[in-house]
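*Asks:* Please find one structure pasted underneath; my questions will follow.
Please treat every number below as a calculation from the coordinates, not as lab data. Here the structure is a predicted model, which is why all the values come from computation and not from measurement. Methodologically, a virtual Cβ is constructed for each residue, glycine included, from the backbone with ideal geometry; neighbour enumeration extends over all protein chains shown.
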Amino acid sequence: MSRDILFREEDFVFSYRVGGILRFNNKILLQRPQNDDYSIIGGHVSRMETTMEALKREFEEELHVKIGVDKLVAVGEVFFYWGNKPCHQICLYYNIHLLENNVVPMDGVFRGYDELDNERIDLDFCWVSLKKLQNGLKVYPLELIPHIINDSGGTIHFISKQV
């Protein structure tokens, strides 16, 4: 049985997720399932786990790195289709930093994977320049990207409706 706070019904999905914003040299590290769009790296929060603990666990599982969690940047209410079912997702986004240097390639694309329902999902991890984000590169959730580019230092709340 999954530990994730992820509820699926016949006609609806609810997801509780956390995402980490890792910046380096005017770039941000993003994930992209192969043949799909970019998104913020993270994953589902498990039962009785804090969002900070979940974020650290996800980065260790997917990238084999230890991170420090900084400040809460955003709280998102995200509505999208999970397959053919509408999904209501609550996601907390934090600024993060690496605890060790030289543990992640600091340029280009490198491969990794995640698992969901005992199914492997191959991922590309990509350093993307903030300039590309400014020029309209599609990264989900779309509503978060302007706040990443123009970091005001505050915490925001946003709603993203793709349904």
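*Asks:* How would the range 22-105 be classified by its alpha-carbon gyration tensor: rounded, prolate or oblate, with rounded meaning a/c under 1.5 and the a/b versus b/c comparison settling the rest?
*Replies:* Working: a/c = 1.80, a/b = 1.40, b/c = 1.28.
Prolate, because a/c is 1.5 or more and a/b exceeds b/c.
*Asks:* Considering only DSSP beta bridges where both residues belong to the chain, give the percentage that are antiparallel (nearest 5). Each step should come with its number before you reach the end.
*Replies:* Values: 41 of 59 bridges.
Percentage antiparallel, nearest 5: 70.
*Asks:* If you don't mind, another one. Under 5 Å between amide H atoms, partner at least 5 residues away or on a different chain: which partners does F80 have, H built in plane at 1.01 Å?
*Replies:* Amide H neighbours of F80, under 5 Å, 5+ apart: C87, Q89, Q162.
*Asks:* How far is it, in nm, from the label point at D151 to the one at E100 when both lie 7 Å from their Cα along the line to the Cβ?
*Replies:* 2.4
*Asks:* Related question: Sorted by average packing, counted as other Cβ atoms within 10 angstrom per residue and highest first, what order do 38-48, 22-32 take?
*Replies:* Working: 38-48: 19.4, 22-32: 17.5.
The peptides rank, most packed first, as 38-48, 22-32.
*Asks:* Okay, moving on. So who's got an amide H within less than 5 Å of the one on V73, skipping anything under 5 residues away but keeping other chains? H placed 1.01 Å off N, in plane.
*Replies:* Y93, Y94, N95
*Asks:* If contacts are Cα pairs under 8 angstrom and at least 6 residues apart, what is the relative contact order of the chain in percent? It would help to have the intermediate numbers written out before the result.
*Replies:* Values: 330 pairs, mean separation 45.0, N = 163.
Computed over the chain, the figure is 28 percent.
*Asks:* Ratio to report: Rg/Rh of the chain, with Cα atoms as the point set and Rh obtained by the Kirkwood method; give two decimals.
*Replies:* Numbers: Rg = 15.1 Å, Rh = 16.2 Å.
Rg divided by Rh gives 0.93.
*Asks:* Shifting gears a bit: Run the reach check for K161 against lysines, Cα to Cα strictly under 22 Å, same-chain hits fewer than 8 apart removed. What comes back?
*Replies:* List returned: K85, K138.
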